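The values are calculated or read from the model by the stated rules, or taken from the named source; none is laboratory data. Everything numeric here is computed off the predicted structure, so don't read it as measured data. Note: ideal-geometry Cβ built from the backbone for every residue, glycine included; neighbour counts use all protein chains shown. These area figures cover heavy atoms from the full protein model, side chains too; ligands, DNA and RNA do not enter into them. Shrake-Rupley method; radii C 1.70, N 1.55, O 1.52, S 1.80 Å.
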Amino acid sequence: MKLRQLRYVHEIARHDLNITAAAEALFTSQPGISKQLKLLEDELGAPIFVRSGKHLTDITPAGHEVLRLAARILQDVDNIQRAVEDYSVGDSGTLSVATTHTQARYALPDTITRFRQRYPKVALHLHQGSPPQIARTAARGEADFAIATEAIDQFEELVMLPCYHWNRCLLVRPDHPLAAAAKPPLRAVAEHPIVTYTFGFTGRSKLDQAFSVQGLSADVVLTAVDADVIKTYVRLGLGVGIVANMAYDADEDDDLVAIDASHLFAPSTTHVGFLRNAQLRGYMYEFVELFAPHLPKAVLDEAAAMAAPADRKRLASGLMDELPSY
């Protein structure tokens, strides 16, 4: 059994049993992967994948166990490499963060600027996507951290810790009927078309819950993952924009009226997630602490050492009162 063979089967599973796609990701040939897969299955005495002709169609029961253990072995190999890198290359390396547009555009710039000043030799990679995509990317080890508000708690292999609370504001044109209202009731908001985030993005669930609890129906006429797109259509008079407070800039958006909506919607919490068994480099710890100062290395290590998800949730819950609000 060779490490290369384990990496091949792991990659095949990651690419929906498509050997050609796995070969492209590994910069090798499809026949080479097929040959190594057969050699591994012959050595194990059991198939890892179910076949239909030349195609792989499913994973066998034994294959699920092989893949689970292979992922652990590959993670440990990566951890060994990272542990040595802290001594051999010091402040050089890569940092991969999977996040949403809102976090990348409004929450992370200051952190990334300060991080780059301290670690100019670290290459930063931002991967934007939906919250489920973000969490899945981190759970697969394809990103060092996932930063999101929604869906990140669906992956038990991730350590999730809260970073900050935030709420929303209403955006309207100066000539809109709500422009002069300091604290409009939700019923008044529901009388107008609404432009807001796509479902599953940026705390959208809290917005929907608020309308539902009061028995109201929100007339959502346009959704987007990008607050800048939402503001564009508010400017065109399409409706009332509902965005994260952090997405409003008093200078850049001085042609819009922002109305605090914290009396209308429950606050949301943005979390950072990372693979529990991953070996974090020194600069990775510092990145998190720059973003969330209440999450130093000791807290991350304590959370990662907890085997039971319930214990990690209790730790995270205990941190909630320390969080800043935006």
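Residues in segment 98-113: is at least one under 29 Å from Pro162 (Cα atoms), open to solvent by less than 70 Å² (accessible area, probe 1.4 Å) and free of Cβ contacts under 8 Å to residues at least 24 places away in the same chain?
The initial filter retains those residues of segment 98-113 that are under 29 Å from Pro162 (Cα atoms), namely 98-113.
When the remaining residues are screened for being open to solvent by less than 70 Å² (accessible area, probe 1.4 Å), the result is 98-104, 106-109, 111-112.
With the extra rule that they be free of Cβ contacts under 8 Å to residues at least 24 places away in the same chain, the set shrinks to 109, 112.
Yes: one or more hits.
State which residue is nearest to Ala107 (Cα to Cα) when the search covers only segment 281-319 and only residues that are assigned to a loop (DSSP other than H, G, I, E, B) and open to solvent by 10 Å² or more (accessible area, probe 1.4 Å). I'd like the intermediate steps shown before the answer.
Residues of segment 281-319 that are assigned to a loop (DSSP other than H, G, I, E, B), as a first pass: 281, 292-296, 306-308.
Adding the requirement that they be open to solvent by 10 Å² or more (accessible area, probe 1.4 Å) leaves 293-294, 296, 306-308.
Details: Pro293: 14, His294: 16, Pro296: 19, Met306: 28, Ala307: 30, Ala308: 30 Å.
Going through the qualifying residues, I end up with Pro293.
Does Ala21 satisfy the condition of being more than 25 Å from Glu142 (Cβ to Cβ) and of a type in the set (A, V, I, L, M, F, W, C)? In short, no.
Applying the condition of being more than 11 Å from Val234 (Cβ to Cβ) and of a type in the set (D, E, K, R) to segment 167-184 and asking which residue is surrounded by the most Cβ atoms within 10 Å (Cβ to Cβ) yields Arg168. Scanning segment 268-280 for residues that are surrounded by fewer than 21 Cβ atoms within 10 Å (Cβ to Cβ) and closer than 22 Å to Gly93 by Cβ yields Arg276, Asn277, Ala278, Gln279.
Screening segment 13-127 for strands (runs of 3 or more DSSP E) wholly inside it with 1 or more residues that are within 24 Å of the chain's Cα centre (by Cα) and modelled with pLDDT of 90 or more returns the ranges 93-99. State whether the residues of segment 258-278 include one that is over 30 Å from Ala83 (Cα atoms) and either without any contact (Cβ under 8 Å) to a residue 60 or more places away in the chain or out of contact with any strand residue (DSSP E or B) (no Cβ under 9 Å at 6 or more places or on another chain) (or both). Yes, segment 258-278 contains a residue that is over 30 Å from Ala83 (Cα atoms) and either without any contact (Cβ under 8 Å) to a residue 60 or more places away in the chain or out of contact with any strand residue (DSSP E or B) (no Cβ under 9 Å at 6 or more places or on another chain) (or both).
Answer yes or no as to whether Asp255 is assigned to a loop (DSSP other than H, G, I, E, B) and under 19 Å from Tyr326 (Cα atoms). Considered against the rule, which asks whether it is assigned to a loop (DSSP other than H, G, I, E, B) and under 19 Å from Tyr326 (Cα atoms), Asp255 comes out as no. Screening Leu216 on (1) within 25 Å of Lys183 (Cβ to Cβ); (2) touching a residue at least 60 places away in the same chain (Cβ under 8 Å); (3) open to solvent by less than 50 Å² (accessible area, probe 1.4 Å); (4) part of a loop (DSSP other than H, G, I, E, B) shows it passes everything except condition (2). Checking the structure you have, find out if any residue of segment 35-42 is in contact (Cβ under 8 Å) with a residue 24 or more places away in the chain and either in contact with an Asp or Glu (Cβ under 9 Å, 6 or more places away or on another chain) or closer than 20 Å to Arg140 by Cα (or both). No, every residue in segment 35-42 fails to be in contact (Cβ under 8 Å) with a residue 24 or more places away in the chain and either in contact with an Asp or Glu (Cβ under 9 Å, 6 or more places away or on another chain) or closer than 20 Å to Arg140 by Cα (or both).
Checking the stated criteria, Ile134 turns out to be outside any strand (DSSP E or B), buried (at least 22 other Cβ atoms within 10 Å of the Cβ) and not charged (D, E, K, R).
Taking the residues in segment 188-209 that are part of a helix (DSSP H, G or I) and at pLDDT 85 or above as candidates, determine which candidate is most open to solvent (accessible area, probe 1.4 Å). Spell out how you get there, then give the answer.
Of the residues in segment 188-209, the ones part of a helix (DSSP H, G or I) are 188-190, 204-209.
So of that shortlist, the ones also at pLDDT 85 or above come out as 188-190, 206-209.
Working: Ala188: 22, Val189: 0, Ala190: 22, Lys206: 61, Leu207: 4, Asp208: 46, Gln209: 99 Å².
This residue is Gln209.
Is there a residue in segment 221-242 that is open to solvent by less than 30 Å² (accessible area, probe 1.4 Å), free of Cβ contacts under 8 Å to residues at least 40 places away in the same chain and of a type outside the set (Phe, Trp, Tyr)? Yes, segment 221-242 has at least one match.
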